[in-house]
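Visitor: Pasting a structure here, questions to come.
Coordinate-derived values only; no laboratory data. Quick caveat: nothing in here was measured; it's all calculated off a predicted structure. Here the Cβ positions follow ideal geometry from the backbone for every residue, glycine too, while neighbour counts run over all protein chains shown.
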Amino acid sequence: MNFRIVLIEDEAEIAQLVTYFLRKEGFDIHAFGSAEEFLERLPVMELPDLILLDLMLPGIDGIELFKYLKRDSRFQDIPVIMLTAKDDPVDVVVGLELGAEDYITKPFDLRELLARIRVVKRRLERLTEKTLESARVYHVGDIVLNGDELTVRVNQGTIDLSFREFKILELLMRHPRRVFSRETILNRVWGEENFVSDRIVDVYITNLRKKLGEMGNLIVTVRGVGYRFEPPAA
């Protein structure tokens, strides 16, 4: 899944440079020239993973917009990096006290902005990982895997998996659409016993697909690399 960023910046040249640069780095970024333009689009837009917010906006300024967003439950956990050209640190302090993730002062180096975004992205990924690990119950399509009970149900019926079949399925379901090489699966599932050939993974995947029945096609072969778990379309 692409990391989605919203940029709210009234200086067109800065907005264009940041947008172009971050898209080249693989981010899904959408820019707005004012708080009003952003709020107008808000009801129909997909929520972002991160907001880059200029504090000195015309009309509704950045601090007021930030306060508004934090009153909305949908945005309470979405990090905000403030962009500011002000020498006076008061607004920065206010923003940080309100819960902003970070700030960067204009003019800024695009590589520094990228580094700060990547810090936020890694933190969110670790948080997501911990949340998944703590729950250890994954429900995708007609498959329900319970990592605490070591059970897998398909279409309300329990299926019997070996321990390693279970661990492979859990690994793939925990990270939907992520491609795992045979070597990685071998290291994660077999651990120190990985003296066996990585082709043993193919055997386990084949057996796993058979046991999952129609849901077995959610385990997709990535030719020359390994496997990924592809959730069914909503």
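Visitor: Taking the Cα centre of region 136-229 as origin, sum charge times position over the Cβ atoms of Lys and Arg (+1) and Asp and Glu (-1), and report the length of that vector in debye to the nearest 20.
Guide: Dipole size: approximately 340 debye.
Visitor: Going by how many other beta carbons lie within 10 Å of each one, how would you line up SER162, SER181, fewest first?
Guide: Working: SER162 12, SER181 15.
In order of increasing Cβ crowding within 10 Å: SER162, SER181.
Visitor: List the residue ranges in the chain for DSSP H helices whose C-alpha atoms run 20 angstrom or more along the long axis and whose Kyte-Doolittle average is -1.0 or above.
Guide: 110-135
Visitor: Along the positive direction of the dipole of the chain (beta-carbon charges: Lys, Arg +1; Asp, Glu -1; about the Cα centre), which of ALA12, ASN207, PRO43 reaches farthest?
Guide: The residue sitting farthest along the positive end of the dipole is ASN207.
Visitor: Under the rule of at least 5 residues apart or a separate chain, name every residue whose amide H is placed under 5 Å from the amide H of ILE60.
Guide: Here ALA35, GLU36 satisfy the definition.
Visitor: Do any of LYS167/LYS211; LYS24/LYS106; LYS167/LYS210 go past 18 Å between their Cα atoms, and which?
Guide: Too far apart for the 18 Å limit: LYS24/LYS106.
Visitor: Would you mind ranking ARG126, ARG228 so that the residue whose beta carbon has the fewest other beta carbons within 10 Å leads the list?
Guide: With the fewest neighbours first, ARG126, ARG228 line up as ARG126, ARG228.
Visitor: Which one of PHE229, LEU161, SER181 has its Cα pushed farthest toward the positive end of the charge dipole of the chain, where Lys and Arg give +1 and Asp and Glu give -1 at the Cβ?
Guide: Final value for the positive-end residue is LEU161.
Visitor: Based on other C-beta atoms within 10 Å, arrange MET173, MET82 from fewest to most.
Guide: With the fewest neighbours first, MET173, MET82 line up as MET173, MET82.
Visitor: Would you mind working out the magnitude of the charge dipole of the chain relative to its Cα centre, with +1 at each Lys and Arg C-beta and -1 at each Asp and Glu C-beta, to the nearest 20 Debye?
Guide: Approximately 1280 debye in magnitude.
Visitor: Shifting gears a bit: Dipole size in debye (nearest 20) for region 4-133 around its Cα centre, Lys and Arg Cβ +1, Asp and Glu Cβ -1?
Guide: 560
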